[in-house]
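Following: one structure in structure tokens, then a few remarks.
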Amino acid sequence: MCRSHARRTFFELADIAGNIRKGKPAHDISPVALEAVARIDALFDFSPGIEGLPAEAHQDTRQRLSRPLVKDLYDWLVAERAQMT
């Protein structure tokens, strides 16, 4: 699953206003969903700063910047899941 699709799933869990507009019951905002959205958003934050780089430099920079964020996201998700069981 790509980051955008994963983010969308968490965003829908946290989107009370959207649920109300769709006629669905509004539940409390999930703090886990909000945190997940924020962490995934951080993976896109540096993208504008690397636009225009040659393809290889773009890919290398993106991987270097995103790798620790993805690891942190993974570790956090695993820890959150352990608390839910």
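Quick note: the coordinates plus some simple rules give every number you see, no bench work behind them. Bear in mind that the values here come from a model prediction, so they are computed numbers and not experimental data. With ideal geometry, Cβ positions are generated from the backbone for all residues, glycine too; neighbour counts draw on all protein chains shown.
By the count of other C-beta atoms within 10 Å, a proxy for reagent exposure, Arg7, Arg81 are ordered fewest to most as Arg81, Arg7. Label separation (Gln83 vs Thr9): 1.9 nm, computed from points 7 Å beyond Cα along the C-beta direction. Give the Kirkwood hydrodynamic radius (Å, one decimal) of the range 3-84, defined as one over the mean of 1/r across all pairs of different Cα atoms. In the range 3-84 this quantity evaluates to 14.4 Å. Going 7 Å from the Cα of Asp72 along its beta-carbon direction, which residues of the range 39-58 have the amide nitrogen within less than 19 Å of the resulting point? Answer for this model: 39-50.
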